[in-house]
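**Student:** Encoded as structure tokens, here's the structure I'll be asking about.
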Amino acid sequence: SRSRRSHVAGKPRKTKSASTPPPAPTNDDNRSGGVFSFHEDDKVFDDDPDPRGWRESLRVVEVNTCRDINMPKHRTQAYDTEYLVIRRGQEFVLRVTFSRPVTPRDKFKLEFLIGASEPVSEATFGTRRRGRWPGRIVESQGSWLLLGITPQADTIVGKFRMYVTIVTTRGLQRTKRDPDTDCYILFNCWNSEDSVYYPDDEGRQEYVLSDVGAIYMGSKETLLSRDWVFGQFDRGILDACIYILDASRMPIRNRGDAIKMVRKGSALINSQDEDGVLVGNWSENFSGGTAPTLWTGSVNILLQYANTGSPVRYGQCWVFAGVFNTFLRCLGIPARVISNFNSAHDNNGNLKIELIFKSDGSADERNTHDSIWNYHCWNEVYMKRPDLPPRLSGWQVVDATPQETSDGLYRCGPASVLAIKEGQVGHSYDAPFIFAEVNSDVHYLTRDKYGNVISVYVDKTLVGRGLFTKHILADTPDEVTSTYKHPEGDGVAVPSAATSPGPTQTYPRIKAFHLCPEGQVELGKDVDLVVEFQSKSDTAQTVKALVTCAVIFYTGVLSNRFKSEAVEITVPPNKSESPLSMRSDQKAQVDDSLAAERVVVKTRAQDYLKKLGFQRFLCFTLAGHGDTAYLNAMKVVYLQAPNLQLKVEAASGPVGQDMFVNVSFVNTFTFPLHNITLAIEGPRTMTNRKRFYKYARPLPSGRACVLTRAWVCVSASSNLKPPSTGRNPSSRK
């Protein structure tokens, strides 16, 4: 056609249009970052040129993105931005006002661009049909049209620029650059054709729309719920997430692929390789940054990174998981934080954990390369896995904490949770490492007096004691251990390297290694540990052992060893025998019924308090031998700190009215506290605030260290709405 010849010539004649068109775009969709427009199927237009002067030339007067219509339908109205935010695979509408009513002879197209100089895939309202996004004329009235456009379900995710181009016999007339018409396109878990489709509405509310949550720490016996503000809808967070992708130079063509997006994200949240968001620090020196325990949410971290371009100091696993969860939910990917208690770190990839002890009973730290974290936090994302068998789609493990490299970068996953449970560690990505975290056996090894390493005992139940996440639409923990592993002893096959047989249990043995009384231990209280020994020998057995008490990091690494106590005890003989014809479970019952000799190891609070620093974990290890056997055992104790009390004054009121928050901390200890920092944050109401106090002495009635009245203003533009969980917004601490 004549317009096509003008297009190819690349130098259209000037017209009386208000803007001079830029060079016409090419139609190369195969280059990275290709952008898609749409075509109109409902109208067929005449392609003949109009006689000169027959009518006024068509111009675009205004483009309205119809945010009030689109964003509620796309469930994006919570995003605090002046731009349109939509989800791919779902129709949105635009109202375009022209200089006169549009006739069947007029031709125009919408163009969506992303990146600095990416090509455009165009579609024209007329006889030419190009591009991939279907569109239609929803309504026509006077000189404006209401257009419906549906981005494909695999569209690139990011921020697009939009233009309206009028096709004339003299060339192309494109509208000027107008930032007000920019739009964000996100993943869509409501669309069954999207790779992140989630089938349950309550799950979509929790894993995409909930901007607050809980991360579980401590131990399985003493779960500590740490509230976390994800804040994915806060002003600037969506731009910060896109900035992270841009700063890493992730190819735009890959940003519609959920697998590539989450794998890249797991590397970008840590700063190990590409100057990502967070610097990890597992020491006790946090100078030049913020201690990981003082972060209350992701918002300040992401905004600081986007504003400075420099990694934020400092994070540990729950901070990496919290920030990564914000990144994922902000882009529309269903995500949740998982806490694994007794999480193994297999350094050599043999799918087992080897703990070596010296002949005197102390830990051989030089030769022990594996470790067991008291807990470790990672993320799960829900998505289809077209690269794996169909049944392995669903929840996938991704981990942003820099532990080991994967394909040259510090990242981990996505790995199918079901594949981990079934021991199918050959599937992508990083399945062997994650399998070892939840299901490896712990081999206790000791060196005899000649330096030989002897396998003493294999513990098949220590690792992966429990995995928890926040329950859907409730502030309670949800145990998901059964999704990662089968119950011990159910006969399900797992990788052979992880099931290497250990030595047969010999006697004397350690029957139990537990607290007295059982339950949580409060910080500042004495700790009593009970060791019970058993023997089936016809003669008395002498046991000599060393019990070592130490403060450890939550990663299992030694911080301060503060006590060692030698134990020597004579275990009396026992005449009961287990007939060879008994089943193994019957033998176990007989073994448990044997008399036990008890030893109590007492640890005073004053012994460990001066060694704690930032840590809250005590590790007790026992290593020794009897007349005929070696013994090893380990017990980690979490110290429970006092709770914070929060009070919100005028918890309900009109939008735009000031509210005030008081936070108090009562020193319930018998000793003074020094250098106290309190931090508080509210999603879309108040950014992270901190108050510092040098000293709080103990008083009989307790001294309240009160945070100065913190000014909180809920502005009229905050886009607040009742939480999707249905809980009272003032009830969360």
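The values are calculated or read from the model by the stated rules, or taken from the named source; none is laboratory data. None of the values given here were measured: they were computed from a predicted structure. For neighbour counting, all protein chains shown are included, and Cβ atoms are generated from backbone atoms with ideal geometry for every residue, glycine included.
**Student:** (1) at pLDDT 80 or above; (2) within 28 Å of the chain's Cα centre (by Cα): which one isn't true of Leu609, the others all being true?
**Tutor:** (2)
**Student:** A follow-up question, please. Residue by residue through the range 37-83, note down the ones that are among the basic types (Lys, Arg) and modelled with pLDDT of 95 or more. It would help to see each step written out before you state the result.
**Tutor:** Restricting attention to the range 37-83, the residues satisfying the condition of being among the basic types (Lys, Arg) are 43, 52, 55, 59, 67, 73, 75.
Answer for the range 37-83, where residues must be among the basic types (Lys, Arg) and modelled with pLDDT of 95 or more: Arg67, Lys73, Arg75.
**Student:** Can you tell me which residue in the range 65-104 is nearest to Ala258 (Cα to Cα), limited to those that are surrounded by fewer than 17 Cβ atoms within 10 Å (Cβ to Cβ), under 48 Å from the mean Cα position of the chain (by Cα) and polar (S, T, N, Q)?
**Tutor:** That would be Gln77.
**Student:** Now a separate question. If you check Val312, Val323, Val279, Val319, which single one turns out to be touching a Pro at 6+ places or on another chain (Cβ under 8 Å), crowded, with 20+ Cβ neighbours inside 10 Å, on the phi < 0 side of the Ramachandran plot and of a type in the set (A, V, I, L, M, F, W, C)?
**Tutor:** Details: Val312 fails: touching a Pro at 6+ places or on another chain (Cβ under 8 Å); Val323 fails: touching a Pro at 6+ places or on another chain (Cβ under 8 Å); Val279 fails: crowded, with 20+ Cβ neighbours inside 10 Å.
Of Val312, Val323, Val279, Val319, the one residue that is touching a Pro at 6+ places or on another chain (Cβ under 8 Å), crowded, with 20+ Cβ neighbours inside 10 Å, on the phi < 0 side of the Ramachandran plot and of a type in the set (A, V, I, L, M, F, W, C) is Val319.
**Student:** In the range 93-115, which residue that is among the hydrophobic types (A, V, I, L, M, F, W, C) and not in a loop (DSSP other than H, G, I, E, B) is farthest from Leu146 (Cα to Cα)? Even if it seems obvious, please write down each step before you answer.
**Tutor:** Keep residues of the range 93-115 that are among the hydrophobic types (A, V, I, L, M, F, W, C), which gives 93-94, 96, 98, 102, 108, 110, 112-114.
Okay, now just the ones that are also not in a loop (DSSP other than H, G, I, E, B), so 93-94, 96, 98, 108, 110, 112-113.
Numbers: Val93: 6, Leu94: 6, Val96: 7, Phe98: 11, Phe108: 14, Leu110: 13, Phe112: 17, Leu113: 21 Å.
Filtering the range 93-115 for residues that are among the hydrophobic types (A, V, I, L, M, F, W, C) and not in a loop (DSSP other than H, G, I, E, B), the one farthest from Leu146 (Cα to Cα) comes out as Leu113.
**Student:** I'd like to verify a number: residues in the range 398-433 that are under 25 Å from Asp273 (Cβ atoms), without any contact (Cβ under 8 Å) to a residue 40 or more places away in the chain and assigned to a helix (DSSP H, G or I), how many?
**Tutor:** Summing the residues that are under 25 Å from Asp273 (Cβ atoms), without any contact (Cβ under 8 Å) to a residue 40 or more places away in the chain and assigned to a helix (DSSP H, G or I) in the range 398-433 gives 1.
**Student:** Filtering the range 475-496 down to residues that are at pLDDT 90 or above and of a type in the set (D, E, K, R), which residue is nearest to Ala436 (Cα to Cα)? Before you say what the answer is, go through the steps one by one.
**Tutor:** So in the range 475-496, the residues at pLDDT 90 or above come out as 475-486.
Filter once more, so that each one left must be of a type in the set (D, E, K, R): 475, 478-479, 485.
On the way: Asp475: 30, Asp478: 22, Glu479: 19, Lys485: 11 Å.
Per the criteria, the residue is Lys485.
**Student:** Moving on to the next point. Within the range 190-208, track down each residue that is among the hydrophobic types (A, V, I, L, M, F, W, C) and surrounded by fewer than 20 Cβ atoms within 10 Å (Cβ to Cβ).
**Tutor:** Going through the range 190-208, the residues among the hydrophobic types (A, V, I, L, M, F, W, C) turn out to be 190, 196, 208.
Once the filter is applied, which keeps residues that are among the hydrophobic types (A, V, I, L, M, F, W, C) and surrounded by fewer than 20 Cβ atoms within 10 Å (Cβ to Cβ), the range 190-208 yields only Trp190.
Every residue, every condition in (1) at pLDDT below 85; (2) part of a loop (DSSP other than H, G, I, E, B); (3) in contact with a Pro (Cβ under 7 Å, 6 or more places away or on another chain); (4) within 23 Å of Phe614 (Cβ to Cβ), yes or no:
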| position | (1), (2), (3), (4) |
| --- | --- |
| His514 | yes, no, no, no |
| Lys536 | yes, yes, no, no |
| Val543 | no, no, yes, no |
| Thr548 | no, no, no, yes |
| Gly556 | no, yes, no, yes |
| Phe562 | no, no, no, yes |
| Ala566 | no, no, no, no |
| Ser576 | yes, yes, no, no |
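**Student:** Does Arg174 meet the test of being in contact with a strand residue (DSSP E or B) (Cβ under 6 Å, 6 or more places away or on another chain), touching a residue at least 60 places away in the same chain (Cβ under 8 Å) and closer than 14 Å to Phe112 by Cα?
**Tutor:** On the way: in contact with a strand residue (DSSP E or B) (Cβ under 6 Å, 6 or more places away or on another chain): yes; touching a residue at least 60 places away in the same chain (Cβ under 8 Å): yes; closer than 14 Å to Phe112 by Cα: yes.
Yes: the conditions hold for Arg174.
**Student:** Moving on. Of everything in the range 355-391, what is in contact (Cβ under 8 Å) with a residue 40 or more places away in the chain, assigned to a loop (DSSP other than H, G, I, E, B) and either of a type in the set (Ser, Thr, Tyr) or surrounded by fewer than 19 Cβ atoms within 10 Å (Cβ to Cβ) (or both)? Give them in sequence order.
**Tutor:** Correct list: Lys358, Ser359, Asp360, Ser362, Asp364, Glu365, Lys384, Pro386, Asp387.
**Student:** Here's another thing I want to ask about it. Quick one: which residue in Gly394, Gly408 is surrounded by fewer than 19 Cβ atoms within 10 Å (Cβ to Cβ) and in contact with a strand residue (DSSP E or B) (Cβ under 8 Å, 6 or more places away or on another chain)?
**Tutor:** On the way: Gly408 fails: in contact with a strand residue (DSSP E or B) (Cβ under 8 Å, 6 or more places away or on another chain).
That would be Gly394, the only listed residue that is surrounded by fewer than 19 Cβ atoms within 10 Å (Cβ to Cβ) and in contact with a strand residue (DSSP E or B) (Cβ under 8 Å, 6 or more places away or on another chain).
**Student:** Moving on. Suppose we keep only residues that are among the aromatic types (Phe, Trp, Tyr) and buried (at least 16 other Cβ atoms within 10 Å of the Cβ) within the range 605-629. Which one would you say is nearest to Phe286 (Cα to Cα)? Quick ask: steps written out before the conclusion?
**Tutor:** As a first pass, look at the range 605-629 and keep what is among the aromatic types (Phe, Trp, Tyr): 608, 614, 617, 620.
Then drop every residue that is not buried (at least 16 other Cβ atoms within 10 Å of the Cβ), which leaves 608, 617, 620.
Working: Tyr608: 22, Phe617: 19, Phe620: 27 Å.
Among residues in the range 605-629 that are among the aromatic types (Phe, Trp, Tyr) and buried (at least 16 other Cβ atoms within 10 Å of the Cβ), the one nearest to Phe286 (Cα to Cα) is Phe617.
**Student:** For the range 135-212, please list each of the strands (runs of 3 or more DSSP E) lying entirely inside it that holds at least 1 residues being modelled with pLDDT of 90 or more, closer than 30 Å to Gln396 by Cα and out of contact with any Asp or Glu (no Cβ under 6 Å at 6 or more places or on another chain). So that I can check it myself, show each step before the final result.
**Tutor:** Working: elements: 144-149, 158-168, 171-174, 183-186.
Correct list: 158-168, 183-186.
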